[in-house]
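Beneath this line is the structure, given in structure tokens, with notes to follow.
No lab work stands behind these numbers, since they all come straight from the coordinates. Being a predicted model, the structure only gives us computed values, none of them experimental. No Cβ is skipped: glycine too gets one built from the backbone with ideal geometry, and neighbour counts run over all protein chains shown.
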Amino acid sequence: MNDNMDEEEKQLLITEVEAMSKLNHSNVIQTIEYGTDYYHKKGNKKQVDYIILELAQGGEVFDFIAMTGRFEERVARYYFTQFMNGLQYCHKNSICHRDLKPENLLLDKKFTLKIADFGFAAPLEGRDGSGNLYTNLGTHNYMAPEIHLKQPYKGDQVDLFAAGMILFIMVAQHPPFSSATPKDPYYKCIAANRADIFWKTHCKSKEGGVKFFSDDFKDLFEKMVALDPNARLSIDEIFAHPWLAEGDIATPEEISKEFKKRNKEVQEEIKAAAAEKKEEKQIITSNKKKTMRSAGEIDDESAILKPMKSIE
């Protein structure tokens, strides 16, 4: 921690350290070390709290989807299985995440999925032991309807709702809806048991039309994002669902080959974006100079360095 952090930021870091220190799973980012030490700079030192996390050099799942395209269902099944393994472990250790999204799913150098960023984590039993949570937090697009409605909620149920959103994004490369509220036209179809309209609308522009999503995928997604949290599938039911339990799944070798190629595309796009940003900065700087010259503020850059003649 540093002196510039406010109390809320400090609490988030403390929450993350406390949650992650209890977890040790191949699909959860590991805490290597945390503690208090002195930070030395220019002869001065100050006491700081630090946390060292496992390196996930593959980057965010979000970047792979956004920059290199959607995942085929067999690839999505590979990663969703890892995702559910990690999340099930968290829940069995009485920790819910509350901010699951593609940006918080990372890949290591072997392209293994890791759940990260536990700043909003909370005990499944609730702060008061009732089994309910009450704080309205998370990322708006991935919040379950009960959070939007400011109702008490179960941590595992809202995590699995967000997981359903992530699964859809993996396969479609875009969210299923903007907000899980009755005002959202897409979610309204789900809530009103008119999933047929939801799928028909989403498949209009998809290659293969109505066959773009498999029937098992549609069924799993609908049951994960149901309006009634008690009607949603539990994590054990998700593992037993035909889409996950019986569907074709990519092999580790296939994943390695595909994601090495995808990773190259991601890195090239990141470099291109950085170069574009640098060029934009140079153009802005150049335009500023031109504006100053046209205004007569600088007629000759060399004049800045020349001493003014004294008035005789």
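Some points to look at:
- Virtual spin-label span in nm between Lys281 and Ala195, 7 Å along Cα→Cβ: 4.9 nm
- Spread over its residues, the convex hull of the C-alpha atoms of the range 7-53 is 87 Å³ per residue.
- Magnitude of the charge dipole, the chain, Cβ model with Lys/Arg +1 and Asp/Glu -1, debye to 20: 780 debye
- Amide hydrogen proximity for Gly58: with H placed 1.01 Å from N in the peptide plane, the residues at 5 or more positions away or on another chain lying under 5 Å are Leu107, Asp108, Lys109.
- For the residue pairs Lys22/Lys46; Lys109/Lys264; Lys101/Lys278; Lys110/Lys277; Lys92/Lys114; Lys188/Lys223, the C-alpha atoms sit more than 19 angstrom apart in Lys22/Lys46; Lys101/Lys278; Lys110/Lys277.
- Evaluated on the range 196-267, the Kirkwood hydrodynamic radius is 14.7 Å, with distances taken between all distinct Cα atoms.
- Nearest-0.05 FRET efficiency for His174 and Asn93, computed from C-beta distance (R0 45 Å): 0.85
- Per-residue [θ]222 nm for the chain (sum of -39500 (n - 2.57) over DSSP H runs n ≥ 4, rounded to 500): -14500 deg cm²/dmol
- Percent of Cα-Cα distances greater than 20 Å, calculated over the range 71-183: 40 percent
- Karplus 3J(HN,Hα) series, Hz, for the range 183-190 with 6.51 cos²θ - 1.76 cosθ + 1.60 (x for Gly, Pro): 6, 6, x, 6, 5, 4, 5, 5
- In the range 1-134, the ratio of gyration radius to Kirkwood radius, Rg to Rh, stands at 1.03 when only Cα atoms are counted.
- Value of relative contact order over the chain, rounded to a whole percent, pairs C-alpha under 8 Å and six or more apart: 16 percent
- Extreme residue, positive dipole direction of the chain, given options His25, Ala275, Leu100 (C-beta unit charges): Ala275
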